[in-house]
Each structure stands twice: as structure tokens, then as C-alpha cells.
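**Student:** My questions will all concern the structure given below.
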């Protein structure tokens with residue numbers, strides 16, 4: 001057992017019944033009163049301290065306590081209190097609570113303060129043995145009976161059920177409905193709080209996951225730039241390789257042409273050497289013959305100087321000398337001419353030798369250039385191999401990054417899908433809050449209209465009684481008028497008969513005077529009767545007006561009854577529709593809450609997609625890479641701005 005809180009001392013001072021309840025019961029009561037959950041209530045069971053939050057709440061409720069004092073009565077008077085009177089007191093104070101307490105609504109007063117506090121402090125076990133949720137079977141049965149009686153009273157005026165009982169039943173039913181609705185509202189508020197907490201968690205997760213995805217996107221873009229750079233260098237190296245190959249082919253072709261020229265020059269040189277050799281042989285032959293002829297001429301000349309020679313012999317020797325001289329001259333000329341040809345051939349041979357040297361040198365240069373180009377070609381091929389290896393490595397890393405990015409983006413879409421799911425749940429719960437508040441309004445309207453119906457049902461017998469009484473009075477008045485008219489007619493006939501008799505009598509006679517006196521009295525009586533008839537006719541007119549007014553009131557009551565019944569039917573239909581809507585929303589929300597995220601990316605989005613700051617309602621702005629086009633449809637996502 002715990003020590004009573006000072007905030008409840010006013011109960012003891014007013015001699016209220018305060019049950020001894022433990023700390024857990026305090027928690028349950030306060031949680032119900034103030035709509036708190038276990039996480040918001042701090043309980044220190046070691047020192048029986050209700051906690052600072054209890055103190056603060058209880059201080060805020062002191063204002064309510066002052067109003068409660070005005071409403072409740074001491075325990076010693078409980079046995080004299082009628083339950084229906086207490087219910088009436090509840091509703092008399094609802095407006096006061098609602099107008100004066102900004103922190104508590106009339107429905108919350110009905111649900112928590114009145115039901116719970118009165119159940120604990122006034123022990124109204126006949127109606128509400130357990131004010132939180134449970135009720136005794138007798139109380140349920142009694143309440144159902146009252147509800148049925150109230151319904152019967154509304155639909156069948158004149159029943160034995162009193163208006164007070166019917167109104168009390170309606171009020172109990174209203175309290176029950178409002179209590180259930182408020183309980184649903186509190187449950188919905190708790191769910192909305194849980195959804196809000198979960199949404200905040202998911203927003204943080206979205207930001208974290210977006211940051212991861214964007215970091216991977218930056219890495220992917222960096223790798224793409226590196227791959228593009230390597231590819232550019234590879235393309236340049238391949239172009240250089242092709243250019244070197246083309247230059248080698250050109251040099252080889254030039255070398256082949258130069259070698260062909262060299263071979264032609266060598267052939268010409270060989271031919272020239274052959275001719276020179278042949279000419280030298282001819283020169284040697286002619287020179288030998290010329291020398292032979294010169295020797296012959298010398299010998300003949302010596303012989304010609306021989307004095308012993310005869311003229312004939314001299315003539316013969318002289319002829320032989322001239323022939324030898326001629327042949328010497330011819331061979332000398334041939335030798336000279338051949339020397340000239342030989343010199344020309346020598347010059348040609350020298351020129352060919354020079355050309356041969358030039359060609360050989362050119363060919364040597366071409367060979368050296370080809371060798372250098374082949375070396376450059378080898379170096380270029382090595383560079384291309386290195387670049388291809390580097391590109392292969394970068395592409396493999398790029399694929400891994402793409403795969404990781406796809407995984408992270410799938411996680412991001414999964415989180416966004418859950419976030420959207422929570423948004424849908426939140427919208428459904430907010431719709432339910434709106435529908436539940438409408439339900440409360442409709443129930444309040446239903447209570448007012450039903451109370452009005454009860455008042456009409458209670459008043460209609462009086463109106464009908466007034467109408468019937470008025471009709472009876474009017475009919476009596478008509479009967480009286482009819483009797484008076486008949487009496488006047490009879491009286492008039494009697495006067496006429498006496499006047500006829502008077503005309504037959506002798507004026508001045510005793511009989512004549514007697515008839516004159518009777519006629520005068522009858523005429524005066526007739527005048528009085530006609531005056532009374534006029535008065536009765538005026539009274540009949542007033543009674544007729546009263547009947548019409550009573551009939552109008554009855555008709556108006558019937559019309560109001562029908563209008564209210566029609567309105568109640570519409571309200572019941574609206575309540576039914578709202579309850580169906582609430583149930584449908586609850587089922588949809590429950591389905592969404594139980595639904596596992598089935599998000600699967602249809603096709604992998606471009607790895608260069610960037611995101612803007614958190615806003616799940618914005619459309620995903622995909623900016624695609626030239627290497628891989630975006631294939632994802634536009635959908636809500638979390639994005640961040642692309643770097644400049």
C-alpha cells in the first residue's frame with residue numbers, strides 16, 4: 001500500500017471514498033485519465049514515489065478538482081443518490097468542463113474523469129462495476145434494457161417507460177459510444193506517434209543510405225573518368241601504333257625502291273665495267289698492233305736507209321712502210337677512240353659508284369629508321385598493354401562499385417518504400433481521427449435529437465389531450481349552439497302563434513292584454529336567447545381556433561418527430577458509413593503494417609544517379625551517365641544535388 005498523494009488530500013477533506021490502491025493501480029488510473037503510456041510514466045517502486053510527471057499532471061488537474069467538488073457529494077449521502085440524477089448532473093457539468101478546461105475535452109471528461117473517478121469514489125457498482133472497460137452482467141443487462149426502452153419510447157410514444165429513464169439510457173449509451181470512440185482516438189494517437197517515430201528513424205536511414213549511395217556514385221564517376229582517361233590514352237597509343245606501322249611500311253617500301261635502284265645501278269656498273277674491260281682489251285690489241293706496226297716501220301725505216309737497196313726494193317719497202325704507217329695510224333686512232341669511250345665509261349662507272357654509295361647510304365638510313373620505328377612500335381605496344389591492363393583493373397573495380405551501388409540503391413528504395421508505406425498508414429490513421437471526431441459529433445447530434453424526440457414523445461400525449469379536450473369542448477359548444485338555435489326557432493314559433501291568437505282577440509280585452517304581456521316577455525326572452533347564441537358562437541369560434549392551434553401543434557410535433565426520425569436515419573447511415581470507413585482504414589493500415597516490403601528494382605538505374613535533400617514527395621531526378629542510360633521510371637525518392 002502506498003501513501004496518498006497530497007494532490008488527493010481534497011478528497012479526504014470532503015470525506016470522499018478513496019480506496020486503498022497500489023502504485024500499479026495509480027499508474028493505470030493516471031494513464032487512463034491523462035492518456036499516457038508506460039514509456040511516459042516514470043514509476044519508482046522503491047520509495048513509492050509517483051514521479052515528477054505525476055506531480056506536474058496532478059497540479060494541472062487541481063483546476064478540475066475544484067469543479068469536481070461542486071459536482072460530487074459526501075460518502076454518507078451516497079445511499080440517497082439516484083443513479084439517473086447523477087447522470088443528469090454529469091451532463092449539466094459537461095459544458096462547464098469543456099468551456100473552462102483547455103487541457104481536457106468534454107469527451108475526455110466523460111471517458112476518464114467521470115466514469116473512472118465516480119466509479120472509484122462513489123462506487124456506482126449497479127451501473128459500472130469496472131469504469132475502465134468491464135461492466136457487470138447486471139449493469140450491461142440493465143443498460144441494454146434502458147436503451148431498448150428509450151428506443152421504444154422514441155418510436156412508440158405512450159409506453160410505460162419514463163422520459164427520465166429513456167434519457168438516462170440514451171446518455172449511458174452516448175457515454176459508452178464516446179468512451180469507445182475516445183479509446184480508439186487514443187489508440188490512433190499512439191499509433192500515429194509510433195509512425196512518426198518510425199518515420200523519423202526512416203528519414204535518418206534515408207539520409208544515411210543516400211549519403212552512401214552518393215559516395216559510391218562519386219567513386220563510380222571517378223572511375224568512369226579514369227576509365228575514359230585510360231581509354232583516351234589507349235586510343236592515342238593505338239593511333240600512334242598505327243601511324244608507326246604505316247611509317248614502317250612506307251620506309252620499307254622506300255628501302256625496297258632504293259634497293260631496286262641500287263641493283264639497277266650495280267647492273268649498269270657491271271655492264272660499264274664489262275664494256276671497259278672489253279675496250280681495254282681492244283685498246284691493248286690496237287696498241288699492240290700499232291706498236292707492232294711502229295716496230296715494223298722502224299725496221300723498214302732502217303732498211304730504207306740501207307744504201308744497198310735497189311729502187312725496187314726501196315719502193316717495195318717504202319710501200320710496206322706506208323702500209324705499216326697506215327695500219328699504225330688506224331690502230332692508233334682506234335686505240336685513241338677506244339680510250340675516249342673508255343674514259344666516258346669510266347666516268348659513267350664513277351657516277352654509278354657515287355649513285356651506288358648514295359643509295360647504299362640512303363638504304364642504311366632507311367634501315368636505321370625502320371629499326372628505330374620498330375623500337376617505337378614495341379614501346380607503343382608495351383604502353384597499350386599496360387593501359388589495357390589498367391583499364392581492365394578499373395573496369396573490374398567499376399563493376400564491383402556498380403554492384404555495390406545497385407545493392408545500396410535497392411536498400412534505399414526499400415527504405416523509401418517503407419517510408420511511403422508509413423505515409424499511407426499515417427494518412428489512413430489521420431482519416432480515422434477525422435472520421436472518429438465526426439462520429440463523436442454525430443453521436444452528440446444523435447443524443448440531442450433523441451433527447452428532443454423523448455421530449456416530443458413526452459409532450460405529444462399532453463398536446464393530444466389538449467386537442468381532444470378542445471375538440472370535446474368545441475363539439476359541446478356546437479351542440480349548445482344547435483340547442484340554442486332550436487330553442488330560438490321554437491320560441492319564435494311560439495311568439496308567432498301568440499301573435500296570431502292576439503290578432504284574433506278583441507283589443508282591450510283581458511285575453512288580449514294577457515297575450516300582449518306574454519308576447520312581450522317572449523320577445524325579451526328571445527332577445528336574451530339570441531344574445532346568448534351570439535356569445536356561444538363567439539365561444540365556438542374561439543374553441544375552433546384553439547382546436548386548430550392544438551391540431552397545428554400536434555401536426556408540428558408529428559412533423560418534427562418525422563423530420564428528426566429522418567435526420568436520425570441519415571445520421572445512423574452516416575455513422576454506419578463512418579464506422580465502415582474507420583474499419584476499412586484500420587484493415588488497410590493493418591495490412592500495410594503487416595505487409596513486407598516487396599520492392600525489387602525493375603532494371604538497374606544508371607550508376608551516376610544523384611539525389612537531392614530528403615523529401616520523399618519529390619520525384620527522383622535521375623541524371624544518367626553516357627556509358628549507361630537510365631532505365632528506371634521516375635518515382636519518389638531521396639536525392640541530393642549533383643556536384644558542379
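**Student:** For segment 234-293: of the residues being under 60 Å from the mean Cα position of the chain (by Cα) and in contact (Cβ under 8 Å) with a residue 60 or more places away in the chain, which is farthest from residue 332 (Cα to Cα)?
**Tutor:** Among them, the one singled out is 234.
**Student:** Sticking with this structure for a sec: Looking at 264, 260, 274, 312 in this structure, which one is assigned by TED's automatic domain parsing to the domain that holds residue 377 and surrounded by 12 or more Cβ atoms within 10 Å (Cβ to Cβ)?
**Tutor:** The match here is 264.
**Student:** Which one of 171, 184 is in a helix (DSSP H, G or I) and more than 29 Å from residue 426 (Cα to Cα)?
**Tutor:** Answer to the check: 171.
**Student:** May I ask you to say which residue of 250, 224 is in contact with a strand residue (DSSP E or B) (Cβ under 7 Å, 6 or more places away or on another chain) and either part of a helix (DSSP H, G or I) or under 25 Å from residue 386 (Cα atoms) (or both)?
**Tutor:** Working: 250 fails: in contact with a strand residue (DSSP E or B) (Cβ under 7 Å, 6 or more places away or on another chain).
That would be 224, the only listed residue that is in contact with a strand residue (DSSP E or B) (Cβ under 7 Å, 6 or more places away or on another chain) and either part of a helix (DSSP H, G or I) or under 25 Å from residue 386 (Cα atoms) (or both).
**Student:** Run down 602, 558, 618 and say which single residue is at pLDDT below 50 and either surrounded by 13 or more Cβ atoms within 10 Å (Cβ to Cβ) or in the same structural domain as residue 409 (by TED's automatic domain parsing) (or both).
**Tutor:** Just one listed residue meets the conditions, 618.
**Student:** Is there a residue in segment 380-392 that is under 40 Å from the mean Cα position of the chain (by Cα), farther than 30 Å from residue 168 by Cβ and modelled with pLDDT of 90 or more?
**Tutor:** Checked segment 380-392: no residue is under 40 Å from the mean Cα position of the chain (by Cα), farther than 30 Å from residue 168 by Cβ and modelled with pLDDT of 90 or more.
**Student:** Considering (1) part of a helix (DSSP H, G or I); (2) modelled with pLDDT under 85; (3) exposed (fewer than 14 other Cβ atoms within 10 Å of the Cβ), say which one residue 489 fails and leave the rest.
**Tutor:** Going through (1) part of a helix (DSSP H, G or I); (2) modelled with pLDDT under 85; (3) exposed (fewer than 14 other Cβ atoms within 10 Å of the Cβ) one by one, residue 489 breaks only (2).
**Student:** Answer yes if at least one residue in segment 399-412 is without any contact (Cβ under 8 Å) to a residue 40 or more places away in the chain, under 41 Å from the mean Cα position of the chain (by Cα) and either farther than 30 Å from residue 200 by Cα or surrounded by 17 or more Cβ atoms within 10 Å (Cβ to Cβ) (or both), and no otherwise.
**Tutor:** Looking for residues that are without any contact (Cβ under 8 Å) to a residue 40 or more places away in the chain, under 41 Å from the mean Cα position of the chain (by Cα) and either farther than 30 Å from residue 200 by Cα or surrounded by 17 or more Cβ atoms within 10 Å (Cβ to Cβ) (or both), one finds at least one in segment 399-412, hence yes.
**Student:** Would you confirm whether any residue within segment 362-372 is in a helix (DSSP H, G or I), loosely packed, with under 14 Cβ neighbours inside 10 Å and within 60 Å of the chain's Cα centre (by Cα)?
**Tutor:** no
**Student:** Now, a different point. Inspect segment 438-451 for any residue being within 30 Å of residue 216 (Cα to Cα) and touching a residue at least 40 places away in the same chain (Cβ under 8 Å) and give the result as yes or no.
**Tutor:** Of all residues in segment 438-451, those within 30 Å of residue 216 (Cα to Cα) come to none.
Checked against the condition, which is being within 30 Å of residue 216 (Cα to Cα) and touching a residue at least 40 places away in the same chain (Cβ under 8 Å), segment 438-451 yields no hits at all.
The values are calculated or read from the model by the stated rules, or taken from the named source; none is laboratory data. Everything quoted here is computed from the prediction, not taken from an experiment. Neighbour counts are summed over all protein chains in view; Cβ atoms, including those assigned to glycine, are modelled from backbone coordinates with ideal geometry.
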